[in-house]
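Working notes, structure below.
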Amino acid sequence: VQLQASGGGLVQAGGSLNISCVASGSTFVIIGMGWYRLSPGKQRELVASMTNAGDATYGDSVKGRFAISRDNAKNMVYLQMNSLKPTDTAVYYCNAMSPVVPYGYWGQGTQVTVSS
């Protein structure tokens, strides 16, 4: 499974950004997709994830501001980020969950920078 993320960039605080990720290859092993983020000095953090059945989980810091969605037919996952804060600045990594691989598959990451 290969994951390709896109859509990161620079945005002002309070703004919005949408990032997306497409999976290719043996996508039949995927049971869910989501996003994690990593910023300097912090541990990797779950942003949001969604199972193939549509059950979503959000990190506490993004609840009410971010929304995850999926298009299973296109093997895509989207993250709509609203009311962005400088503390949301991070590299966002797409993740595909699978019982085949511990911790799943990972994309290359996309940088999101929120200026104050």
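The values are calculated or read from the model by the stated rules, or taken from the named source; none is laboratory data. Just so we're clear, the structure is a prediction, and the values are computed from it rather than from any experiment. Quick reminder, even Gly has a Cβ in these numbers, built from the backbone with ideal geometry, and neighbours come from all protein chains shown. In case anyone asks, the SASA skips ligands and DNA or RNA and just uses the protein heavy atoms, side chains included. Shrake-Rupley method; radii C 1.70, N 1.55, O 1.52, S 1.80 Å.
Odds and ends about this structure:
- Check on residue 29, more than 15 Å from the chain's Cα centre (by Cα), closer than 14 Å to residue 1 by Cβ and open to solvent by less than 50 Å² (accessible area, probe 1.4 Å): yes
- Checklist (1) open to solvent by less than 10 Å² (accessible area, probe 1.4 Å); (2) charged (D, E, K, R); (3) at pLDDT below 95 applied to residue 42, failing item: (1)
- Listed conditions (1) touching a strand residue (DSSP E or B) at 6+ places or on another chain (Cβ under 8 Å); (2) open to solvent by 50 Å² or more (accessible area, probe 1.4 Å); (3) not in a strand (DSSP E or B) are all met by residue 18, apart from (3).
- Counted residues, the stretch 10-41 - those being farther than 11 Å from residue 92 by Cα and touching a residue at least 40 places away in the same chain (Cβ under 8 Å): 18
- Close contacts from the stretch 99-116, counting a first residue that is under 18 Å from residue 86 (Cα atoms) and touching a residue at least 12 places away in the same chain (Cβ under 8 Å) and a second that is β-branched (Val, Ile, Thr) and part of a loop (DSSP other than H, G, I, E, B), with Cβ to Cβ under 6 Å and a gap of 6+ residues or different chains, come to 113/89; 114/89.
- Residues in the stretch 76-98 that are in a loop (DSSP other than H, G, I, E, B) and either aliphatic (A, V, I, L, M) or at pLDDT below 95 (or both): 84 only.
- Any chance residue 59 is free of Cβ contacts under 8 Å to residues at least 24 places away in the same chain and open to solvent by 70 Å² or more (accessible area, probe 1.4 Å): no
- Of the residues making up the stretch 99-116, those that are in a loop (DSSP other than H, G, I, E, B) and open to solvent by 50 Å² or more (accessible area, probe 1.4 Å) number 6.
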